Amino acid sequence: MISSMLQYIQKSPDCFHAVENLRQRLLSEGYTQLTAGEWSLTPGGKYFVTKNGSSLMAFRVPQDRPTGFVLTASHSDSPCFRLRDHAELAGEFVRLSAERYGGMINDCWLDRPLSVAGRVLVRRENGLDMRLVDMKKDMALIPRVAIHLNRDGNNGTKYNPAQDLVALYAGGEQKGSFDREIAAAAGCQPEDIVARDLFLYNNQPGTVWGPAGEFLSAPRLDDLACVFACTQGFLTAHETTAIPVLCVFDNEEIGSETKQGAASAFLPETLTAITSALGLTSGDYRRLVANSFLLSCDNGHARHPNHPELADANEAPVLNGGVVVKHSPRYATDAVSAAAFQEICRRAQVPTQHYANRPDQAGGATLGNIANTKLPVNTVDIGMAQLAMHSCFETMGSRDVAHFVRAVTACYEAALTFTDTQVTLG
């Protein structure tokens, strides 16, 4: 399973490839892709829909009358450098102008060979084609200033993105070569590219390490590790009376407020379309939502081996310690959702642990509480413990992947009902 996850991450350098690889896997598993409009769904049917090529929702229709939805939400994007449409900065060298995407750790990207991937819009006779490109080779680097020229280099250097974080691409005589390389990868001429969404990414493959293989490190563990694990659980779970839904959103790293983000109408509109296609009423929809359960899946901070003082005294997860239940006044987790999830995990013999910020640290928003503004369902924030979150090369416990997959599978197989006084686990 670890090998498959690392292969998926390596093949998914950006949000578009992450979703395209999921799309191909779902097609191979017999799922039907739906487009906008009226849907025709059948009991036992397997379906999915995409948005912007960077978000996806998949679901199955149970044989019996549905009792609710069981959903997982993870995200396809990760902190990186997003290249400008006209990226080449010509001069003595050709450099690539980019903007930081998400809350990235700047200096880990320096002195590291980088590749380029994303999508381009190509002009054709009757319109535009969207084509994915992945250069899959080292082709740019952001050089650090030598310590001899910056004696404060080890004293908390501040970086000017417009000067210090510009990637070196080629010699000055190679002006225009970047556009030519991208066009060749897209199978077109440079002048036929109308617009593009391209990213610099760390091309280093993931690795398993430690005396017993207890650790794994890779780019984009936040959040492609959860995307992979949720997909595994979704595909292997046995049918219940609930409708299982796999949600992968884009743009979580920049607030989710896009047409393909968790703050959009994508999720409630999809669930409404499902109920309508099954011949159910608006009252049925409200009943299904009331008995639904959402796993908001995004990795959490493990206790740092060199800085344990940064963690909460009582609620600090460790690598390989089990699935992390995340708590904060700003998270979607409450007593009801935490208890329901932990009871499901107890029955499935999946270890759990807890994360909370120190009281003097503020927590952030999650996919769960963002989605809850459009879809009010019981939601728990969970993840896998990891180190160096938002680095371009992150670390987590290798055994936690299996823990997470088992937890997700068990939740997909649980048909829950909620009242103000009771939770029933089917």
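The values are calculated or read from the model by the stated rules, or taken from the named source; none is laboratory data. The structure presented is a predicted model; accordingly, all values stated were derived computationally and were not measured. Glycine also receives a Cβ, built like all others from the backbone with ideal geometry; neighbour counts cover every protein chain displayed. What goes into the accessible areas is simple: the full protein's heavy atoms, side chains included, and nothing from ligands, DNA or RNA. Shrake-Rupley method; radii C 1.70, N 1.55, O 1.52, S 1.80 Å.
Have a look at 391, 398 and point out the one that is touching a Leu at 6+ places or on another chain (Cβ under 6 Å), closer than 25 Å to residue 14 by Cβ and either crowded, with 21+ Cβ neighbours inside 10 Å or of a type outside the set (A, V, I, L, M) (or both). Can you show your working first?
Numbers: 391 fails: touching a Leu at 6+ places or on another chain (Cβ under 6 Å).
Unique residue meeting the criteria: 398.
Pick from the stretch 236-252 the residues that are part of a strand (DSSP E or B) and more than 21 Å from the chain's Cα centre (by Cα): which of them is farthest from residue 46 (Cα to Cα)? Among residues in the stretch 236-252 that are part of a strand (DSSP E or B) and more than 21 Å from the chain's Cα centre (by Cα), the one farthest from residue 46 (Cα to Cα) is 242. Look through the stretch 165-180, keep the residues that are open to solvent by less than 50 Å² (accessible area, probe 1.4 Å), at pLDDT 90 or above and not in a strand (DSSP E or B), and return whichever of them is nearest to residue 97 (Cα to Cα). In this case the residue turns out to be 166.
Evaluate the stretch 208-219: report whether one residue or more is in a strand (DSSP E or B), without any contact (Cβ under 8 Å) to a residue 24 or more places away in the chain and over 23 Å from residue 53 (Cα atoms).
Going through the stretch 208-219, the residues in a strand (DSSP E or B) turn out to be 208-209, 215-218.
Retained after the next criterion (residues that are without any contact (Cβ under 8 Å) to a residue 24 or more places away in the chain): 209.
Okay, now just the ones that are also over 23 Å from residue 53 (Cα atoms), so 209.
Yes, the stretch 208-219 contains at least one residue that is in a strand (DSSP E or B), without any contact (Cβ under 8 Å) to a residue 24 or more places away in the chain and over 23 Å from residue 53 (Cα atoms).
Note on the stretch 278-329: among residues that are surrounded by 13 or more Cβ atoms within 10 Å (Cβ to Cβ) and of a type in the set (S, T, N, Q), the one that is modelled with the lowest pLDDT is 328. Taken over the stretch 217-252, the criterion of being within 26 Å of residue 398 (Cβ to Cβ) and of a type in the set (A, V, I, L, M) is satisfied by 218, 221, 224, 225, 227, 229, 235, 237, 246, 248. When 245, 227, 208 are checked against the criterion of being touching a strand residue (DSSP E or B) at 6+ places or on another chain (Cβ under 6 Å) and surrounded by fewer than 20 Cβ atoms within 10 Å (Cβ to Cβ), a single residue qualifies: 208.
For the stretch 255-277, a residue qualifies if it is open to solvent by less than 10 Å² (accessible area, probe 1.4 Å) and closer than 24 Å to residue 386 by Cβ, and the qualifying residues are 256, 261, 262.
Just need a number here: residues in the stretch 277-291 that are of a type in the set (Ser, Thr, Tyr) and either touching a residue at least 40 places away in the same chain (Cβ under 8 Å) or part of a loop (DSSP other than H, G, I, E, B) (or both).
Of the residues in the stretch 277-291, the ones of a type in the set (Ser, Thr, Tyr) are 281-282, 285.
After this cut, where a residue has to be either touching a residue at least 40 places away in the same chain (Cβ under 8 Å) or part of a loop (DSSP other than H, G, I, E, B) (or both) as well, the list is 281.
Summing the residues that are of a type in the set (Ser, Thr, Tyr) and either touching a residue at least 40 places away in the same chain (Cβ under 8 Å) or part of a loop (DSSP other than H, G, I, E, B) (or both) in the stretch 277-291 gives 1.
Is it fair to say residue 197 is crowded, with 17+ Cβ neighbours inside 10 Å, assigned to a strand (DSSP E or B) and either touching a Pro at 6+ places or on another chain (Cβ under 9 Å) or in contact (Cβ under 8 Å) with a residue 60 or more places away in the chain (or both)? In short, yes. Of the strands (runs of 3 or more DSSP E) lying entirely inside the stretch 313-426, the ones with 2 or more residues being out of contact with any Gly (no Cβ under 8 Å at 6 or more places or on another chain), touching a residue at least 60 places away in the same chain (Cβ under 8 Å) and closer than 13 Å to residue 301 by Cβ are found at 394-397.
Residues that are over 30 Å from residue 413 (Cα atoms) and either in contact (Cβ under 8 Å) with a residue 24 or more places away in the chain or open to solvent by 40 Å² or more (accessible area, probe 1.4 Å) (or both) number at least 1 in the following strands (runs of 3 or more DSSP E) confined to the stretch 42-140: 80-89, 93-101, 114-124, 127-134.
Residue count for the stretch 292-312, restricted to those that are assigned to a loop (DSSP other than H, G, I, E, B), under 27 Å from residue 210 (Cα atoms) and of a type in the set (Gly, Ala, Ser): 2.
Within the stretch 141-160, the set of residues being touching a residue at least 24 places away in the same chain (Cβ under 8 Å) and assigned to a loop (DSSP other than H, G, I, E, B) comprises 143, 144, 157, 159. With 381, 360, 420, 400 as the choices, which residue is farther than 14 Å from residue 225 by Cβ, at pLDDT 90 or above and of a type in the set (Asp, Glu)? Going through 381, 360, 420, 400 in turn, just one is farther than 14 Å from residue 225 by Cβ, at pLDDT 90 or above and of a type in the set (Asp, Glu): 381.
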